[in-house]
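One structure below.
The values are calculated or read from the model by the stated rules, or taken from the named source; none is laboratory data. None of these values were measured; they are calculated from a predicted model. Because the Cβ atoms are built from the backbone with ideal geometry, glycine has one as well, and the counts that use them run over all protein chains shown. For accessibility, only protein heavy atoms count, side chains too; no ligands or nucleic acids. Shrake-Rupley method; radii C 1.70, N 1.55, O 1.52, S 1.80 Å.
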Amino acid sequence: MSPYAMSMLMSSLAMGTIITLSSSHWFLAWMGLEINTLAIIPLMTKMHHPRATESATKYFLTQATASALLLFSAAMNAWMTGEWTIVDMNSYIPTTILTIALAIKLGIAPFHPWLPDVLQGLDMMTCLILSTWQKLAPMALLILTSHQLNTSLLTLMALASAIIGGWGALNQTQMRKIMAYSSIAHLGWMTLVISFAPGLALLNLTIYLMMTSSMFVMLMALNATNMNKLSISWLKTPTLAASMMTGLLSLGGLPPLSGFLPKWLILQEMTKHHLGALSAVMALSALLSLFFYLRLSYMISMTSPPNISNANLAWRKKNNLSLINPILIVLSTMLMPITPMLLM
(Lines give C-alpha, C1' and ligand atoms only; values in the text may rest on other atoms or scores of the structure.)
Protein backbone atom coordinates (compact mmCIF):
# COMPACT_ATOMS: atom_id res chain seq x y z
CA MET A 1 0.00 0.00 0.00
CA SER A 2 1.19 3.52 -0.80
CA PRO A 3 2.62 5.43 2.21
CA TYR A 4 0.28 8.34 1.42
CA ALA A 5 -2.79 6.08 1.46
CA MET A 6 -1.56 4.41 4.67
CA SER A 7 -0.99 7.75 6.43
CA MET A 8 -4.44 8.96 5.35
CA LEU A 9 -6.13 5.79 6.64
CA MET A 10 -4.24 5.87 9.96
CA SER A 11 -5.13 9.57 10.38
CA SER A 12 -8.79 8.76 9.70
CA LEU A 13 -8.65 5.96 12.29
CA ALA A 14 -7.21 8.34 14.87
CA MET A 15 -9.68 11.11 13.95
CA GLY A 16 -12.70 8.79 14.20
CA THR A 17 -11.73 7.62 17.68
CA ILE A 18 -10.93 11.15 18.88
CA ILE A 19 -14.30 12.46 17.57
CA THR A 20 -16.14 9.73 19.51
CA LEU A 21 -14.08 10.24 22.67
CA SER A 22 -14.60 14.01 22.70
CA SER A 23 -18.28 14.13 21.73
CA SER A 24 -21.23 14.68 24.03
CA HIS A 25 -23.84 14.30 21.25
CA TRP A 26 -24.96 10.90 19.96
CA PHE A 27 -24.79 11.92 16.31
CA LEU A 28 -21.14 12.99 16.61
CA ALA A 29 -20.28 9.77 18.46
CA TRP A 30 -21.96 7.72 15.72
CA MET A 31 -20.09 9.69 13.03
CA GLY A 32 -16.74 8.96 14.74
CA LEU A 33 -17.55 5.22 14.86
CA GLU A 34 -18.46 5.24 11.16
CA ILE A 35 -15.19 7.00 10.19
CA ASN A 36 -13.36 4.37 12.26
CA THR A 37 -15.08 1.48 10.47
CA LEU A 38 -14.58 2.92 6.97
CA ALA A 39 -10.89 3.68 7.64
CA ILE A 40 -9.94 0.15 8.74
CA ILE A 41 -11.63 -1.75 5.87
CA PRO A 42 -8.97 -0.78 3.25
CA LEU A 43 -6.30 -1.85 5.78
CA MET A 44 -8.01 -5.24 6.02
CA THR A 45 -8.12 -5.77 2.25
CA LYS A 46 -4.54 -4.62 1.53
CA MET A 47 -3.50 -8.31 1.68
CA HIS A 48 -5.05 -9.42 -1.63
CA HIS A 49 -6.43 -12.75 -0.48
CA PRO A 50 -9.96 -14.25 -0.39
CA ARG A 51 -9.72 -14.68 3.41
CA ALA A 52 -8.93 -10.97 3.86
CA THR A 53 -11.87 -9.98 1.64
CA GLU A 54 -14.15 -12.32 3.59
CA SER A 55 -12.95 -10.85 6.90
CA ALA A 56 -13.49 -7.27 5.67
CA THR A 57 -17.02 -8.14 4.47
CA LYS A 58 -17.93 -9.81 7.78
CA TYR A 59 -16.50 -6.89 9.75
CA PHE A 60 -18.35 -4.30 7.64
CA LEU A 61 -21.72 -6.06 7.95
CA THR A 62 -21.32 -6.56 11.72
CA GLN A 63 -20.24 -2.98 12.38
CA ALA A 64 -22.94 -1.56 10.10
CA THR A 65 -25.59 -3.51 12.06
CA ALA A 66 -24.18 -2.24 15.37
CA SER A 67 -24.04 1.37 14.09
CA ALA A 68 -27.64 1.17 12.86
CA LEU A 69 -28.78 -0.14 16.27
CA LEU A 70 -26.81 2.59 18.06
CA LEU A 71 -28.36 5.35 15.93
CA PHE A 72 -31.81 3.78 16.38
CA SER A 73 -31.42 3.72 20.19
CA ALA A 74 -30.21 7.36 20.21
CA ALA A 75 -33.11 8.46 17.98
CA MET A 76 -35.63 6.56 20.15
CA ASN A 77 -34.17 8.15 23.29
CA ALA A 78 -34.39 11.63 21.65
CA TRP A 79 -38.03 10.92 20.71
CA MET A 80 -38.86 9.89 24.31
CA THR A 81 -36.85 12.50 26.26
CA GLY A 82 -36.03 15.26 23.75
CA GLU A 83 -32.29 14.87 24.53
CA TRP A 84 -29.44 13.87 22.18
CA THR A 85 -26.70 14.06 24.83
CA ILE A 86 -24.85 10.84 25.62
CA VAL A 87 -25.32 10.98 29.40
CA ASP A 88 -29.13 11.35 29.17
CA MET A 89 -30.21 7.78 28.35
CA ASN A 90 -33.02 7.18 30.84
CA SER A 91 -35.50 4.90 29.04
CA TYR A 92 -35.33 1.11 29.34
CA ILE A 93 -35.71 0.12 25.66
CA PRO A 94 -33.12 2.57 24.20
CA THR A 95 -30.53 1.62 26.86
CA THR A 96 -31.06 -2.11 26.13
CA ILE A 97 -30.64 -1.56 22.37
CA LEU A 98 -27.56 0.58 23.05
CA THR A 99 -26.03 -2.18 25.22
CA ILE A 100 -26.56 -4.72 22.43
CA ALA A 101 -25.12 -2.33 19.80
CA LEU A 102 -21.94 -1.69 21.81
CA ALA A 103 -21.63 -5.42 22.62
CA ILE A 104 -21.72 -6.21 18.88
CA LYS A 105 -19.10 -3.51 18.19
CA LEU A 106 -16.75 -4.83 20.88
CA GLY A 107 -17.33 -8.55 20.30
CA ILE A 108 -18.80 -9.33 23.73
CA ALA A 109 -20.61 -12.70 23.98
CA PRO A 110 -23.16 -13.72 22.76
CA PHE A 111 -22.39 -11.31 19.88
CA HIS A 112 -18.81 -12.55 19.55
CA PRO A 113 -18.69 -15.09 16.65
CA TRP A 114 -17.48 -12.52 14.10
CA LEU A 115 -14.27 -11.66 16.02
CA PRO A 116 -12.23 -14.92 15.70
CA ASP A 117 -13.19 -15.35 12.03
CA VAL A 118 -12.34 -11.76 11.13
CA LEU A 119 -8.96 -11.80 12.92
CA GLN A 120 -7.99 -15.13 11.31
CA GLY A 121 -8.16 -13.60 7.81
CA LEU A 122 -5.99 -10.55 8.56
CA ASP A 123 -2.28 -9.83 8.87
CA MET A 124 -0.80 -9.31 12.36
CA MET A 125 -0.60 -5.50 12.21
CA THR A 126 -4.29 -5.14 11.29
CA CYS A 127 -5.13 -7.69 14.02
CA LEU A 128 -3.24 -5.49 16.50
CA ILE A 129 -5.23 -2.40 15.46
CA LEU A 130 -8.53 -4.31 15.58
CA SER A 131 -7.81 -5.81 19.02
CA THR A 132 -6.59 -2.57 20.65
CA TRP A 133 -7.35 0.77 18.98
CA GLN A 134 -10.80 -0.25 17.68
CA LYS A 135 -11.92 -1.09 21.23
CA LEU A 136 -11.34 2.45 22.53
CA ALA A 137 -14.36 4.31 21.09
CA PRO A 138 -17.09 1.72 21.90
CA MET A 139 -15.61 1.12 25.37
CA ALA A 140 -15.57 4.88 26.03
CA LEU A 141 -19.30 5.04 25.17
CA LEU A 142 -19.95 2.03 27.40
CA ILE A 143 -18.13 3.69 30.32
CA LEU A 144 -19.92 7.04 29.74
CA THR A 145 -23.37 5.40 29.83
CA SER A 146 -22.53 2.67 32.40
CA HIS A 147 -24.61 4.21 35.22
CA GLN A 148 -27.76 4.04 33.04
CA LEU A 149 -27.36 0.57 31.49
CA ASN A 150 -29.11 -2.61 32.62
CA THR A 151 -26.75 -4.21 35.20
CA SER A 152 -28.34 -7.68 34.93
CA LEU A 153 -27.87 -7.74 31.13
CA LEU A 154 -24.25 -6.58 31.45
CA THR A 155 -23.54 -9.22 34.11
CA LEU A 156 -25.03 -12.02 31.96
CA MET A 157 -22.96 -10.90 28.94
CA ALA A 158 -19.83 -10.66 31.13
CA LEU A 159 -20.30 -14.22 32.43
CA ALA A 160 -20.93 -15.56 28.91
CA SER A 161 -17.84 -13.73 27.57
CA ALA A 162 -15.52 -15.00 30.30
CA ILE A 163 -16.70 -18.62 29.87
CA ILE A 164 -16.84 -18.61 26.04
CA GLY A 165 -13.50 -16.74 25.80
CA GLY A 166 -11.82 -19.46 27.87
CA TRP A 167 -13.69 -22.40 26.37
CA GLY A 168 -13.38 -21.34 22.74
CA ALA A 169 -9.59 -21.11 22.75
CA LEU A 170 -9.00 -24.57 24.27
CA ASN A 171 -8.91 -26.41 20.93
CA GLN A 172 -7.37 -23.63 18.80
CA THR A 173 -3.91 -23.85 17.21
CA GLN A 174 -3.94 -20.53 15.30
CA MET A 175 -2.49 -17.63 17.29
CA ARG A 176 -4.86 -15.02 15.86
CA LYS A 177 -7.94 -17.01 16.93
CA ILE A 178 -6.41 -17.57 20.38
CA MET A 179 -5.83 -13.81 20.74
CA ALA A 180 -9.44 -13.18 19.61
CA TYR A 181 -10.84 -15.48 22.33
CA SER A 182 -8.43 -13.87 24.81
CA SER A 183 -9.93 -10.49 23.87
CA ILE A 184 -13.49 -11.83 24.41
CA ALA A 185 -12.55 -13.15 27.89
CA HIS A 186 -10.91 -9.84 28.93
CA LEU A 187 -13.92 -7.87 27.67
CA GLY A 188 -16.06 -10.05 29.94
CA TRP A 189 -14.12 -8.87 33.00
CA MET A 190 -14.44 -5.22 31.92
CA THR A 191 -18.19 -5.57 31.28
CA LEU A 192 -18.71 -7.19 34.68
CA VAL A 193 -17.30 -4.34 36.73
CA ILE A 194 -18.35 -1.41 34.51
CA SER A 195 -21.66 -0.82 36.34
CA PHE A 196 -20.08 -0.95 39.81
CA ALA A 197 -16.71 0.79 39.27
CA PRO A 198 -16.09 2.32 35.80
CA GLY A 199 -12.58 3.33 36.94
CA LEU A 200 -11.67 -0.34 37.39
CA ALA A 201 -12.98 -1.13 33.90
CA LEU A 202 -10.74 1.63 32.54
CA LEU A 203 -7.74 0.22 34.43
CA ASN A 204 -8.49 -3.25 33.06
CA LEU A 205 -8.77 -1.82 29.52
CA THR A 206 -5.41 -0.02 29.85
CA ILE A 207 -3.58 -3.13 31.09
CA TYR A 208 -5.32 -5.28 28.43
CA LEU A 209 -4.17 -2.86 25.69
CA MET A 210 -0.55 -3.01 26.91
CA MET A 211 -0.52 -6.82 27.22
CA THR A 212 -2.20 -7.42 23.85
CA SER A 213 0.02 -4.87 22.05
CA SER A 214 3.21 -6.46 23.42
CA MET A 215 1.93 -9.94 22.46
CA PHE A 216 1.15 -8.97 18.85
CA VAL A 217 4.48 -7.13 18.47
CA MET A 218 6.31 -10.26 19.68
CA LEU A 219 4.26 -12.50 17.35
CA MET A 220 5.17 -10.20 14.45
CA ALA A 221 8.85 -10.34 15.41
CA LEU A 222 8.77 -14.15 15.57
CA ASN A 223 6.57 -14.42 12.45
CA ALA A 224 4.50 -16.96 14.40
CA THR A 225 0.92 -17.47 13.22
CA ASN A 226 0.34 -20.90 14.77
CA MET A 227 1.53 -23.04 17.67
CA ASN A 228 3.96 -25.08 15.53
CA LYS A 229 5.87 -21.94 14.53
CA LEU A 230 5.81 -20.82 18.15
CA SER A 231 7.47 -24.03 19.32
CA ILE A 232 10.69 -23.34 17.33
CA SER A 233 11.02 -19.75 18.57
CA TRP A 234 13.23 -20.71 21.54
CA LEU A 235 16.03 -21.84 19.23
CA LYS A 236 15.86 -18.69 17.13
CA THR A 237 15.30 -15.90 19.68
CA PRO A 238 15.58 -17.16 23.28
CA THR A 239 15.22 -13.72 24.90
CA LEU A 240 12.08 -12.89 22.96
CA ALA A 241 10.64 -16.36 23.65
CA ALA A 242 11.23 -15.91 27.40
CA SER A 243 9.55 -12.46 27.26
CA MET A 244 6.63 -13.97 25.38
CA MET A 245 6.20 -16.71 27.96
CA THR A 246 6.03 -14.05 30.71
CA GLY A 247 3.55 -12.01 28.63
CA LEU A 248 1.29 -15.04 28.17
CA LEU A 249 1.29 -15.78 31.91
CA SER A 250 0.45 -12.12 32.52
CA LEU A 251 -2.50 -12.39 30.09
CA GLY A 252 -3.61 -15.45 32.10
CA GLY A 253 -3.63 -13.36 35.29
CA LEU A 254 -0.92 -15.11 37.31
CA PRO A 255 0.57 -13.15 40.23
CA PRO A 256 2.89 -11.24 40.55
CA LEU A 257 2.44 -10.12 36.91
CA SER A 258 0.40 -7.14 35.69
CA GLY A 259 -2.52 -9.25 34.47
CA PHE A 260 -3.31 -10.33 38.03
CA LEU A 261 -3.89 -6.75 39.19
CA PRO A 262 -7.25 -5.99 37.44
CA LYS A 263 -8.66 -9.47 38.16
CA TRP A 264 -7.79 -9.15 41.86
CA LEU A 265 -9.32 -5.66 42.16
CA ILE A 266 -12.46 -6.67 40.21
CA LEU A 267 -13.06 -9.75 42.42
CA GLN A 268 -12.52 -7.55 45.49
CA GLU A 269 -15.08 -5.03 44.18
CA MET A 270 -17.60 -7.81 43.44
CA THR A 271 -17.31 -9.25 46.97
CA LYS A 272 -17.83 -5.75 48.41
CA HIS A 273 -21.20 -5.74 46.63
CA HIS A 274 -22.02 -9.17 48.16
CA LEU A 275 -21.72 -10.99 44.81
CA GLY A 276 -19.63 -13.90 46.10
CA ALA A 277 -21.16 -16.58 43.82
CA LEU A 278 -20.62 -14.41 40.73
CA SER A 279 -17.01 -13.77 41.78
CA ALA A 280 -16.45 -17.53 42.22
CA VAL A 281 -17.81 -18.30 38.72
CA MET A 282 -15.62 -15.57 37.17
CA ALA A 283 -12.55 -16.86 39.01
CA LEU A 284 -13.26 -20.40 37.78
CA SER A 285 -13.73 -19.14 34.21
CA ALA A 286 -10.29 -17.49 34.46
CA LEU A 287 -8.86 -20.99 34.96
CA LEU A 288 -10.10 -21.97 31.48
CA SER A 289 -8.15 -19.06 29.97
CA LEU A 290 -5.14 -19.83 32.14
CA PHE A 291 -5.03 -23.40 30.78
CA PHE A 292 -4.45 -22.36 27.16
CA TYR A 293 -1.97 -19.63 28.17
CA LEU A 294 -0.02 -22.26 30.13
CA ARG A 295 -0.20 -24.59 27.13
CA LEU A 296 1.29 -21.87 24.91
CA SER A 297 3.99 -21.10 27.52
CA TYR A 298 4.85 -24.81 27.59
CA MET A 299 5.05 -24.87 23.76
CA ILE A 300 7.46 -21.91 23.76
CA SER A 301 9.74 -22.76 26.64
CA MET A 302 9.69 -26.53 27.24
CA THR A 303 9.50 -28.07 23.77
CA SER A 304 12.16 -28.04 21.07
CA PRO A 305 11.92 -29.53 17.59
CA PRO A 306 14.21 -32.42 16.54
CA ASN A 307 17.69 -31.08 15.81
CA ILE A 308 18.60 -32.19 12.29
CA SER A 309 21.47 -29.73 11.81
CA ASN A 310 25.13 -30.69 12.17
CA ALA A 311 26.01 -27.18 13.33
CA ASN A 312 26.86 -26.65 16.99
CA LEU A 313 24.96 -23.36 17.22
CA ALA A 314 21.40 -22.83 16.10
CA TRP A 315 20.82 -20.20 13.45
CA ARG A 316 19.65 -17.02 15.13
CA LYS A 317 17.27 -14.56 13.56
CA LYS A 318 18.33 -10.92 13.68
CA ASN A 319 15.80 -8.98 15.73
CA ASN A 320 14.53 -5.75 14.20
CA LEU A 321 12.51 -4.74 17.26
CA SER A 322 11.83 -1.11 18.04
CA LEU A 323 12.28 0.52 21.44
CA ILE A 324 8.54 0.30 22.07
CA ASN A 325 8.58 -3.49 22.48
CA PRO A 326 10.78 -3.68 25.64
CA ILE A 327 8.70 -0.87 27.17
CA LEU A 328 5.44 -2.74 26.42
CA ILE A 329 6.88 -6.00 27.81
CA VAL A 330 7.93 -4.29 31.05
CA LEU A 331 4.54 -2.55 31.43
CA SER A 332 2.58 -5.72 30.68
CA THR A 333 4.42 -7.78 33.31
CA MET A 334 5.65 -5.50 36.11
CA LEU A 335 2.79 -3.22 37.19
CA MET A 336 1.92 -5.01 40.44
CA PRO A 337 3.97 -2.62 42.67
CA ILE A 338 1.56 0.25 41.84
CA THR A 339 -1.34 -1.58 43.56
CA PRO A 340 -1.12 0.33 46.90
CA MET A 341 -1.30 3.63 44.99
CA LEU A 342 -4.44 2.45 43.15
CA LEU A 343 -6.07 1.22 46.37
CA MET A 344 -5.51 4.61 48.01
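Just a few scattered comments:
- Taken together, the residues in the range 29-49 that are under 30 Å from Asp88 (Cβ atoms) and open to solvent by 80 Å² or more (accessible area, probe 1.4 Å) amount to 1.
- Residue count for the range 36-66 under the criterion of being touching a Gly at 6+ places or on another chain (Cβ under 9 Å) and over 22 Å from Trp26 (Cα atoms): the result is 11.
- Selected residue [without any contact (Cβ under 8 Å) to a residue 60 or more places away in the chain and part of a loop (DSSP other than H, G, I, E, B)] from Leu248, Leu267, Leu254, Leu202: Leu254
- Filter pass, Leu170 being at negative phi, in contact (Cβ under 8 Å) with a residue 12 or more places away in the chain, open to solvent by 10 Å² or more (accessible area, probe 1.4 Å) and part of a helix (DSSP H, G or I): no
- Candidates in the range 18-36 are the residues that are of a type outside the set (A, V, I, L, M, F, W, C) and in a helix (DSSP H, G or I); of these, the one that is nearest to the chain's Cα centre (by Cα) is Asn36.
Conditions tested, residue by residue: (1) surrounded by fewer than 17 Cβ atoms within 10 Å (Cβ to Cβ); (2) not small (Gly, Ala, Ser).
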position: Met1; (1), (2): yes, yes
position: Ser22; (1), (2): yes, no
position: Ala68; (1), (2): yes, no
position: Ser73; (1), (2): no, no
position: Met80; (1), (2): yes, yes
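- Residue, nearest to Tyr293 (Cα to Cα), within the range 252-274, restricted to residues that are out of contact with any Leu (no Cβ under 9 Å at 6 or more places or on another chain) and surrounded by 17 or more Cβ atoms within 10 Å (Cβ to Cβ): Lys263
Here is a yes/no grid of residues against (1) surrounded by 19 or more Cβ atoms within 10 Å (Cβ to Cβ); (2) at negative phi; (3) in contact (Cβ under 8 Å) with a residue 60 or more places away in the chain; (4) part of a helix (DSSP H, G or I):
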site: Glu83; (1), (2), (3), (4): no, yes, no, no
site: Pro94; (1), (2), (3), (4): yes, yes, no, yes
site: Ile104; (1), (2), (3), (4): yes, yes, no, yes
site: Thr126; (1), (2), (3), (4): yes, yes, yes, yes
site: Gln134; (1), (2), (3), (4): yes, yes, yes, yes
site: Leu153; (1), (2), (3), (4): no, yes, no, yes
site: Leu159; (1), (2), (3), (4): no, yes, yes, yes
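- Scope the range 60-98; condition touching a Lys or Arg at 6+ places or on another chain (Cβ under 9 Å) and β-branched (Val, Ile, Thr); matching residues: Thr62
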